[in-house]
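Values quoted throughout were computed directly from the atomic coordinates according to the rules given, and no laboratory measurement underlies them. As the structure is a computational prediction, the values presented were derived from the model and not from experiment. Neighbour counts run over all protein chains shown; Cβ positions are idealised from the backbone, glycine included.
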Amino acid sequence: MERADKDLAFMLQYENIAWYEKGKVRILDRRIYPTKVEFHVCENHVEVTKAITDMVTQSAGPFTAAAMGMALAAYECRGRSEKDQQEYLKKAADTISHARPTTIDRMTLITKGCYLAAEKALMAGENVSDAIVEHTINTNNSRYRKIGVIAKHLVDMFPMNGRVLTQCFGETIVGQMLKEARSRNNNLKIYCAETRPYFQGARLTASVAKDMGFDVTVITDNMPAYAIQNEKIDVFTSAADVICQDGYIVNKIGTFQIAIVAKYMGIPYFVTGAPESGHPTVDTVKIEMRDPEFVLQAMGVRTAMQGVKGYYPSFDITPPHLVSGVVTDRGIFSPYDLARYYAEGNKGEYEIVV
């Protein structure tokens, strides 16, 4: 089977996101990429959980890391009775899925799929870790292909040789969007808001765009209005950490303010991904508050005087009236009509593949 990460950038290759092998999980350290290419090595699933919490990997990276953490958990409990292994893996799934509070719903789907693959392997007398890795590859293939369909719908909304503003790092959709644009000879110009304090836009989105041969420019987080106006940006797009069924979009802090500017400047804002079955309304979402010290520095260099306080909500919430459309694998939906996505029998972006 041809893998769905074919022809995508370095950091979108499965092995370069997170990978289990020989009793260890290695995770590309996105906190320092692309300045350095280093892998954070975890020797147990608790270390994998901590790596996710500590932002070693971000965007959709934690979902692959979580699955590989389950493979590592299976290695940790190898040799025990079948019942003991099942109990160990259930506890590991709970630990890993709660690594970050805002994405528990997706993480639970992923760890549940891994657990079901493990049960199957146990009954068949197969290597459980290998079965979870194979399951993860199949799940990633399914998700990448589904996002490839999303990319087709999204690129339909871009003018030829248009200028596209992004926020944070949308992971797979960034690569698939650019791959689709390349197949249409649409030479997009990409503008990446830097996305402090981890600079995912500057370091990750811009790196993927550069790897894939596109003209890419980084702007600071306080430049979107000027850039939209003076660089003649055509479209703003982002992925989302949570798309609530009532049309509210939870994404990296800064998305809301860019959506306001886009609306004011008269350019569309398209969000990519499927609505979350576990989030019928926005009040089901818990916004993660991270260490405020991170906003008092830039890539390890302190920028504020000692004693000054910081404030660091990881995500903000964009209301539906600022969203032009939610681009799913089943087409583009109005943010006010997302309940129809599941009513029509669709499975979502992170469905369990067994």
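Peptides 151-158, 53-60 ranked from most to least packed, by the mean per-residue count of other Cβ atoms within 10 Å: 53-60, 151-158.
Distant-in-sequence amide contacts of V218, defined by a placed amide H-H separation under 5 Å and a gap of 5 or more residues or a different chain, comprise C192.
Sequentially through region 319-335, phi angles give Karplus couplings (6.51, -1.76, 1.60; θ = phi - 60°) of x, x, 5, 9, 9, 6, x, 9, 8, 10, 5, 10, x, 9, 10, 5, x Hz, Gly and Pro residues having no value and appearing as x. Per-residue extension of 0.36 nm, minus the Cα-Cα distance of E293 and N187, leaves a gain of 34.2 nm for this segment.
If you average the C-alpha positions of region 267-296 and of region 212-256 separately, how far apart do those two centres end up, in angstrom? When both Cα centres are located, 14 Å separates them.
Helices assigned as whole DSSP H runs in the chain whose Cα atoms extend at least 27 Å along their own long axis and whose mean Kyte-Doolittle hydropathy is 0.5 or higher are found at 104-124.
Can you tell me which of 251-260, 116-125 comes out highest on packing, and rank the rest after it, using the mean Cβ neighbours within 10 Å?
Ranking the peptides 251-260, 116-125 by packing returns 251-260, 116-125.
Sorting the segments 291-298, 192-199, 41-48, 304-311 by their mean number of nearby beta carbons within 10 angstrom, highest to lowest, gives 192-199, 41-48, 291-298, 304-311. For a quick check of your reading of the filter: which trypsin sites (Lys or Arg not before Pro) in region 1-73 sit in a DSSP loop and have no more than 16 other Cβ atoms within 10 Å? Answer by residue number: R3, K6, K22, K36. In this Cβ point-charge picture (+1 for Lys and Arg, -1 for Asp and Glu), the chain has a dipole of about 500 debye about its Cα centre.
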